[in-house]
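The values are calculated or read from the model by the stated rules, or taken from the named source; none is laboratory data. Treat the numbers as computed from the prediction; the structure is a model and nothing was measured. Heads up, the Cβs are rebuilt from the backbone with ideal geometry, glycines too, and the neighbour counts pull from every protein chain shown.
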Amino acid sequence: MPAEFFEPISNQKTPPVYNFFDGTAWKTSSSEKMLSVLSPIDGSEVGELQAVTHQEIDAVMEVAAAAQRNWEATPLNKRVSIMHLVADWIRHFEDYLTTILVKEIGKTDSEARSEIKRTADLTDYFADEAQSIRGETLDSDNFPGYDKGRIAVIERVAYGVTVAIAPFNYPVNLSVSKIVPALLMGNSVVFKPPTQGGISGVHLTRIFEKAGVPAGAITCITGEGNSIGDYLVSHPKTDLITFTGSSDTGVAIAQKAGMKPMVFECGGNNPAVVMPDADMNLTAREIVKGAFSYAGQRCTAIKYVLGAPGVLDQLLPVVLTQMKELVHMGDPRSPETKLVGPVVSVRAAEQFQQWIDESVGKGAKVAIGGTHKGNYMDPTVLTSVNSDMPVVSREVFGPVVSFIAVPGMDEAIGIINKSSFGLQACVFTKDEGTGLAFAKNINVGTVQINGSPQRGPDHFPFLGVKKSGLGVQGVRYSLEAMSRLKPIVINKPS
Ligand code: G3H
């Protein structure tokens with residue numbers, strides 16, 4: 001069944017060459033240039049993606065713009081039904097998509113499977129929630145000086161053509177979290193999957209096509225970010241950009257895109273703050289899961305821990321003990337591997353190693369780990385770190401967490417607020433009042449009390465401040481972010 005369903009998306013060779021989708025057909029690019037996708041597990045080739053040309057992008061943008069009006073005019077109940085069908089297909093292909101994800105991005109089987117299940121649930125939830133998004137009417141006489149002479153009929157309408165750019169770490173889930181709300185609100189979507197994760201992305205596009213998204217309303221183009229990404233975001237036919245990726249890329253996109261609406265989820269570097277009264281077992285477990293899940297390659301991963309010296313001395317042995325139980329680095333296909341498989345590339349591992357070494361050179365101490373072999377990094381805990389060291393000032397998108405001793409909470413707040421990132425933070429304390437007081441003083445998107453940072457549940461608002469993001473996501477918030485208000489004012493002169 002998968003072979004038949006996904007037949008047109010590749011040339012069926014081993015390893016396959018995947019086509020791009022121009023809105024009506026699966027095509028090979030005239031560029032004849034391919035991007036090789038290598039498995040982080042062992043460097044073997046998973047497949048090749050087309051590097052599309054700018055002319056091909058122009059044609060796709062035309063098709064997407066032409067299809068958008070009809071798509072928006074399609075009754076919402078029909079768009080909702082199509083999205084439920086997308087969710088059903090994703091569930092149907094759970095095993096198949098899980099296998100691709102494991103191979104393509106090196107997630108463990110359970111992490112990959114949970115991404116697929118979560119994505120199907122998310123799609124259904126989006127579709128249900130879209131049913132309750134509605135406009136409103138406003139009378140004019142509430143405002144001083146106005147009588148009842150006008151009424152505003154405020155509709156929620158699509159922006160037009162949405163460019164959706166997804167990252168490698170959740171190539172199914174973070175693609176759907178963009179494509180589905182954009183489509184439900186009547187936008188057409190030009191989907192640019194990551195290169196690593198692009199094979200999952202083209203499979204996902206096929207599901208949208210087969211579920212009945214009409215010609216042109218969904219397209220999928222593949223290629224290198226620095227060649228086609230820039231072209232796409234600055235394209236005159238692009239009406240909305242939704243992007244997840246690094247902060248540096250986010251800043252670059254914003255500069256190139258000019259005055260286009262954007263919804264961005266960027267880098268994290270999230271702190272955990274441990275109060276003296278914290279439950280050490282719970283805190284350690286959350287820090288271990290928070291720092292090491294998917295080898296630390298989550299924008300919501302915990303990257304540093306702040307606490308008084310005595311508190312950190314108490315916490316460290318508990319963290320190291322829990323790591324023995326919860327973490328085992330290795331091949332993500334092995335049932336023995338827990339949380340930490342390979343990082344995405346050898347280059348990434350080498351960069352993180354350099355930051356670890358530089359930090360050690362400046363006085364940081366390795367409590368465990370601190371080395372790598374190829375792109376397999378030992379789960380690493382560093383102590384005696386300060387916030388100017390690269391392991392904290394940079395976003396280490398790998399399995400590394402740093403302990404920073406601080407004399408008091410004012411210093412902890414100072415470190416968090418001076419960071420250029422502001423996605424999430426967490427605080428551990430038995431006194432929720434202390435947690436709340438702390439939460440009010442820090443400038444991040446979300447504060448978690450007694451739990452590690454995370455995006456889910458997916459209907460909660462998800463946002464970052466400073467270099468961590470623009471706009472708000474989360475089911476209802478994404479539907480709102482991917483549509484705009486359109487007031488039509490009826491004037492009733494008396
Ligand atoms: O990497 C960024 C993701 O939005 C993190 O999602 O908290 O569910 O792992 P997560």
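Hey, could you check region 460-475 for residues that are part of a loop (DSSP other than H, G, I, E, B) and of a type in the set (A, V, I, L, M) and say which is nearest to residue 247 (Cα to Cα)? Selected residue: 465. Within region 212-245, being at pLDDT below 95 and farther than 29 Å from residue 70 by Cβ holds for 224, 225, 226, 227, 230. Quick check on residue 403: is it closer than 16 Å to residue 291 by Cβ and assigned to a loop (DSSP other than H, G, I, E, B)? Criteria not met by residue 403. Listed by position, the strands (runs of 3 or more DSSP E) enclosed by region 171-276 that each have at least 1 residues that are touching a Pro at 6+ places or on another chain (Cβ under 8 Å) and over 30 Å from residue 76 (Cβ atoms) are 270-274. Determine whether region 443-457 contains at least one residue that is over 17 Å from residue 290 (Cβ atoms) and either in contact with a strand residue (DSSP E or B) (Cβ under 9 Å, 6 or more places away or on another chain) or surrounded by 15 or more Cβ atoms within 10 Å (Cβ to Cβ) (or both). No: zero hits.
In region 321-332, the residues that are under 19 Å from residue 344 (Cβ atoms) reach residues that are among the aliphatic types (A, V, I, L, M) and not in a helix (DSSP H, G or I) with C-beta atoms within less than 7 angstrom, at least six apart or across chains, in these pairs: 327/339; 327/340; 329/340; 331/41; 332/41.
Listed here are the residues, each with its yes/no results for (1) within 16 Å of the ligand (Cβ to nearest atom); (2) part of a strand (DSSP E or B); (3) of a type in the set (Val, Ile, Thr); (4) in contact with a Ser or Thr (Cβ under 8 Å, 6 or more places away or on another chain).
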position	(1), (2), (3), (4)
435	no, no, no, yes
455	yes, no, no, yes
477	yes, no, no, no
484	no, yes, no, no
487	no, yes, no, no
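The conditions of being at pLDDT 95 or above, hydroxyl-bearing (Ser, Thr, Tyr) and in a helix (DSSP H, G or I) are met by residue 98. Restricting 287, 302, 356 to residues that are of a type outside the set (Asp, Glu), crowded, with 22+ Cβ neighbours inside 10 Å and within 30 Å of residue 164 (Cβ to Cβ) narrows the list to 302. Among the criteria (1) closer than 19 Å to residue 415 by Cβ; (2) within 16 Å of the ligand (Cβ to nearest atom), the one residue 312 does not fulfil is (2).
Within region 11-26, if we keep just the residues that are buried (at least 16 other Cβ atoms within 10 Å of the Cβ) and within 18 Å of residue 191 (Cα to Cα), the residue that is farthest from the chain's Cα centre (by Cα) turns out to be 26. When region 158-170 is limited to residues that are part of a strand (DSSP E or B) and away from the ligand (no atom under 14 Å from the Cβ), the one that is farthest from residue 23 (Cα to Cα) turns out to be 158. The requirement of being assigned to a strand (DSSP E or B), in contact (Cβ under 8 Å) with a residue 12 or more places away in the chain and away from the ligand (no atom under 16 Å from the Cβ) is satisfied by residue 305.
Restrict the check to region 104-118 and report whether at least one residue is of a type in the set (Lys, Arg), in contact (Cβ under 8 Å) with a residue 60 or more places away in the chain and either part of a helix (DSSP H, G or I) or assigned by TED's automatic domain parsing to the domain that holds residue 166 (or both). Yes, some residue in region 104-118 is of a type in the set (Lys, Arg), in contact (Cβ under 8 Å) with a residue 60 or more places away in the chain and either part of a helix (DSSP H, G or I) or assigned by TED's automatic domain parsing to the domain that holds residue 166 (or both). The residue that is surrounded by the most Cβ atoms within 10 Å (Cβ to Cβ), counting only those in region 239-276 that are within 27 Å of residue 400 (Cα to Cα) and without any contact (Cβ under 8 Å) to a residue 60 or more places away in the chain, is 249.
For region 1-93, which helices (runs of 4 or more DSSP H) that fit wholly inside it have 1 or more residues that are of a type in the set (Ser, Thr, Tyr), at pLDDT 95 or above and not assigned by TED's automatic domain parsing to the domain that holds residue 184? Fully inside region 1-93 and qualifying: nothing. Evaluating residue 345 against the criteria (1) within 16 Å of the ligand (Cβ to nearest atom); (2) within 16 Å of residue 105 (Cβ to Cβ); (3) polar (S, T, N, Q) leaves one unmet condition, (1). The set of residues in region 172-195 being within 16 Å of the ligand (Cβ to nearest atom) and of a type outside the set (Lys, Arg) consists of 172, 173, 174, 175, 176, 177, 179, 180, 181, 193, 194. In region 441-457, the residues that are in contact (Cβ under 8 Å) with a residue 12 or more places away in the chain reach residues that are of a type in the set (Phe, Trp, Tyr) and crowded, with 19+ Cβ neighbours inside 10 Å with C-beta atoms within less than 6 angstrom, at least six apart or across chains, in these pairs: 450/428; 455/462.
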